[in-house]
């Protein structure tokens, strides 16, 4: 298998487009939530200004090697998740590095960022960061379980582990999407999606009204800027995986933007209505409601 | 000083006894240094513009003026459209609003929070108590001039100023930052001994390191 060097600029271009889209989309969602609350909210370009400010801080405190590597792991998890799945189906320029078996790699990268952050936050030595990490890891583990079951069900259904093949099998009309051919798997995966987007009712980990901001308590200046870049990139990358597996993929950039926006709004619609769960309540919720759906999906396939 | 901060002999988990002096061993003893601006003027102007448009306030209401900060988070006054956010931890904040009177007890905690913030950082004094002692001008327990203990960039007068006055104050602070004149952290590092002597004169139960990194 030879490596084509032209893929590197294409991958960087995809990364550039998706990071900008993520920064603007996050601000747009905040603005929609603000307008619903009868106020104006942040400007659309506020995320860029925050990033420039954080990169431009003159001093920073480090707590050791793992503290420094925490945001690096998190950002590499986001970048890896994006680059190893096909972003635009059928386009040679934007298929990135997807290959047969990249479904398992996508599952790995979804969890990798949280682990990196756990190690970094533990080294920071702040007790609030430690509490935030125990909450975050337990919640993400419980939320990952129905997603893994749904992924197995989809892989069994399409008899392949390559995301490109799964997207190819869903072309040719809306009724071919997995959401209509395998609804239990998609239901389990969407419930898990609510958990991993870290919005209410599952945002006890990162909410500023809880322990001061949880795992990123000690992170500041460039470290925080790296994590904010990841926070713009990682949800989009995860939604790209969801879109490819369950909603038919995207064959062009406008459809990509529209589908990502709509799937993101699913978590926002749920988020603005419900209050927060405690961690044990959310774990119990996943185990009672989402995991049986995933098990039914695997059994029925 | 608290008992856990005294010098003592500790027995480790493997049975070896060693002496620990918490004030020296657990904290960094280096004084703050002056951090110069970026090497090129156009880069520093860009950074100052970004710092002014994205002010992150430390969520620490030190006095009665905090009641005027809270309405800014509500839809009526909405400080978020000016780029102002509240952060719960001093590591991520770059503006510290001393809202109202500052008792010596709060001054010790305010110093601890201020020194943990990263350079460049700004201090705004809210209300007349920070200027000349205000209503508590003859109290034994409050400080009368904030400028002697922390470097202040802007004062917002009033007792208490209305939230609209705070918003106007933030706009003036943005002008000060964009002009490059808000170098409070570097002033603090340059006149560190003077500030520290003033602080230790009023705080009698000092049990922190000299600079809380």
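Bear in mind these aren't lab numbers, they're just calculated from the coordinates by the rules spelled out. Given the structure is predicted, the values throughout are model-derived calculations rather than measurements. FYI the Cβ positions are ideal-geometry reconstructions off the backbone, even for glycines, and counts take in every protein chain you see.
Among B:183, B:193, B:17, the largest mean-square fluctuation in a Gaussian network model of chain B, built with springs joining Cα atoms closer than 10 Å, belongs to B:17.
Between residue A:171 and residue A:7, 0.36 nm times their residue separation minus their Cα-Cα distance comes to what? Provide the component values of the computation, followed by the final result.
Numbers: separation 164, 0.36 × 164 = 59.04 nm, distance 2.48 nm.
Length gained, residue A:171 through residue A:7: 56.6 nm.
A simple spin-label model places pseudo-atoms 7 Å from Cα toward Cβ; at residue B:139 and residue A:20 they are separated by 5.4 nm. Each part reduced to its alpha carbon centroid, region A:11-64 and region A:245-295 end up 22 Å apart.
Given a Förster radius of 35 Å and the C-beta distance between residue B:200 and residue B:70 as r, what FRET efficiency does 1/(1 + (r/R0)^6) yield to the nearest 0.05?
Numbers: r = 33 Å, r/R0 = 0.94.
In this case the efficiency is close to 0.60.
Antiparallel beta bridges, as assigned by DSSP with both residues in the protein assembly as shown, represent about 30 percent of the total such bridges. Against the main long axis of the alpha-carbon atoms of chain A, helix A:183-196 sits at an angle near 10°. Helix B:192-202 and the longest principal axis of the C-alpha atoms of chain B enclose an angle of approximately 80°.
May I ask what percent, to the nearest 5, of DSSP beta bridges between residues of region B:42-202 are antiparallel?
Values: 1 of 13 bridges.
Restricted to region B:42-202, the bridges split so that about 10 percent are antiparallel.
Modelling each spin label as a point 7 Å along the Cα-to-Cβ direction, I'd like the residue A:280/residue A:33 distance in nm, to one decimal. Here the modelled spin labels are 2.8 nm apart. Have a look at A:205, A:110, A:65 and tell me which one the Gaussian network model of chain A (Cα, springs below 10 Å) gives the largest fluctuation. Answer for the Gaussian network model of chain A: A:65. Where in region B:172-213 does the label zone of residue B:43 land, with the point 7 angstrom along Cα→C-beta and an amide N cut-off under 20 Å? Correct set: B:178-183, B:186.
In this rough spin-label picture, where each label sits 7 Å from Cα along the Cβ direction, the residue B:191-residue A:289 distance is 5.9 nm.
Take each residue in A:146-157, count the other chain C-beta atoms within 10 Å of its C-beta, and the mean is 0.
Counting Cβ atoms of other protein chains within 10 Å of each Cβ in A:286-293 and taking the mean gives 0.
Go ahead and collect, in residue order, the members of region A:121-141 whose backbone nitrogen is under 15 Å from a label point 7 Å along the Cα-Cβ direction of residue B:4. A:125-128, by backbone N distance to the label point. Largest mean-square fluctuation among A:148, A:169, A:232, in a Gaussian network model of chain A whose springs join Cα atoms under 10 Å apart, belongs to A:169. The relative contact order of region A:7-300 comes to 27 percent, based on Cα pairs under 8 Å that sit 6 or more residues apart. Against chain A, whose longest principal axis comes from its Cα atoms, helix A:7-36 is set at around 70 degrees. For the peptide B:29-42, the mean number of other protein chain Cβ atoms found within 10 angstrom of a residue's Cβ is 1.
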